[in-house]
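Written below as structure tokens is the structure these notes are about.
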Amino acid sequence: MSSKKNKVTEELHPYDYQEERYELIEGIRYEMQAAPMIRHQQLVTYFWKCFEDLCAPEGLVLTAPIDVKFDEENEFQPDVVYITNENLHIVTEKKIIGAPDIIIEILSPSTSYNDKIRKKRVYERFGVKEYWIVDPVHLYVDQLVLTDKKYLLANTYGYMDVVRSELLSCIKIDLETIFSKLLVFDKD
């Protein structure tokens, strides 16, 4: 007696919707690169956790990918955003429309110029109160604070420092705790 097996085939249907990842900076479209490196993602996670643990009752912390739209020419996906409870009206179901209170960008080789120059200019113009730029190679955080509609470098925090914020008294982030957790990879 022979048993005949039926071959099961699965028809694959392409999705009609394809997610595009890009940022619009000063009217110019910048395609998002492939997934960030592990160290970058570790830092995003650690900063998110610090904000969540320390400041959750006072606001909302989100991580990329989340669109932040400032105007028709500027729509970004910052690594970490924090919005105080009094500004939660800028959060919609699909995106943030307006300036978060704090934005954190973790530098990557492919985005550092945009993060340090172009996006900084836009964040300043639209009133992001604090902008933190994290260098994952040299292990420091530049904290820019909006003062009289201009960013001033309030502090550069190194490996052994504790980041504090005049905007949020709940912030007390021990950078040694964060930076010491980063994985170290051999160069291939």
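The values are calculated or read from the model by the stated rules, or taken from the named source; none is laboratory data. Because the structure is predicted, anything quoted here is derived from the model rather than measured. Using ideal geometry, Cβ is built from the backbone for each residue, glycine included, and neighbour counts are taken over all protein chains shown. Ligands, DNA and RNA are excluded from the accessible area calculation, which covers all protein heavy atoms including side chains. Shrake-Rupley method; radii C 1.70, N 1.55, O 1.52, S 1.80 Å.
Using a probe of 1.4 angstrom, how much of the accessible area of region 22-180 is carbon and sulfur, in percent?
Working: 4350 of 8140 Å².
That fraction is 53 percent.
Restricting to DSSP loop positions (anything but H, G, I, E, B) with no more than 12 other Cβ atoms inside 10 Å of their own Cβ, which GluC sites (Glu not before Pro) remain in region 79-188?
On the way: sites: E86, E93, E105, E124, E130, E166, E176; in loops: E93, E166.
Those satisfying the criteria are E93, E166.
Can you give the FRET efficiency for E52 and E26, using 1/(1 + (r/R0)^6), R0 = 35 Å, r = Cβ-Cβ distance, to the nearest 0.05? Working shown, then result.
Values: r = 31 Å, r/R0 = 0.90.
My answer for the efficiency is 0.65.
Kindly state, to the nearest 0.05, the FRET efficiency for E73 paired with T177, given R0 = 41 Å and r defined as their beta-carbon distance.
Values: r = 39 Å, r/R0 = 0.94.
After rounding, the FRET efficiency stands at 0.60.
Determine the per residue accessible area of region 22-180 with all protein chains present and a 1.4 angstrom probe, expressed in square angstrom. Let's see the in-between values first.
Working: 8140 Å² over 159 residues.
For region 22-180, the solvent-accessible area averages 51 Å² per residue.
To the nearest 20 debye, what charge dipole does region 22-180 have about its Cα centre, counting +1 at the Cβ of each Lys and Arg and -1 at the Cβ of each Asp and Glu?
Working: 17 positive and 26 negative charges, 47 e Å.
Dipole about the Cα centre, nearest 20: 220 debye.
Could you give me the ³J(HN,Hα) list for region 99-112, computed from phi with Karplus coefficients 6.51, -1.76, 1.60 and θ = phi - 60°, whole Hz, x at Gly and Pro?
8, x, 6, 9, 10, 10, 10, 9, 5, 10, x, 7, 10, 4
Within region 102-181, list the chymotrypsin sites (Phe, Trp or Tyr not before Pro) lying in a DSSP loop whose Cβ has at most 13 other Cβ atoms in a 10 Å radius. Intermediate results must be reported in sequence, preceding the final value.
Values: sites: Y113, Y123, F126, Y131, W132, Y140, Y151, Y157, Y159, F179; in loops: Y159.
Answer in residue order: Y159.
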